[in-house]
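To start, the structure itself, in structure tokens.
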Amino acid sequence: MEDKEFQLVAEVRSADPSTVRAGLPTLLPDATIEDTAQGFRVVARMGGESAGSLNRALLSGLRRLVRQTTLRATWTAMDGTQERYFDYVRKDRPPA
């Protein structure tokens with residue numbers, strides 16, 4: 001399967017924000033990371049097979065840093081289609 005490029009906009013929350021903040025540049029080297037009241041807002045571009053596979057990889061990496069970490073992510077493909085996730089679960093339905 002061919003890699004696609006996605007725009008990621010995500011909210012990351014964690015029980016240990018300083019550890020996650022320190023590890024985010026390793027997981028997302030070109031990301032823009034902004035501190036928020038609840039954690040971090042992350043904006044990045046990533047390439048991969050699908051939004052679902054990228055979301056799983058990112059959340060797994062975050063949880064290797066700190067187990068109690070949540071991710072609310074919107075992945076937008078270059079064709080404009082969006083997929084929203086809360087942790088590993090897709091929160092929108094594809095059109096029928």
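Laboratory data are not the source of any read-out in this text; all were calculated from the coordinates shown. Quick caveat, the model's predicted, so the values are computed rather than measured. Here the Cβ is made from the backbone with ideal geometry for all residues, glycine too, and neighbour counts use every protein chain on show.
Summary of values
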read-out	value
Label corresponding to percent of Cα pairs over 24 Å apart when calculated from the structure given, among [x] 16; [y] 43; [z] 37	[x]
Within a Gaussian network of the chain (alpha carbon springs, distance under 10 Å), most fluctuating of Arg45, Arg13, Arg64	Arg64
Calculated FRET efficiency for the pair Ala77/Ser18, C-beta based, R₀ 35 Å, to 0.05	0.60
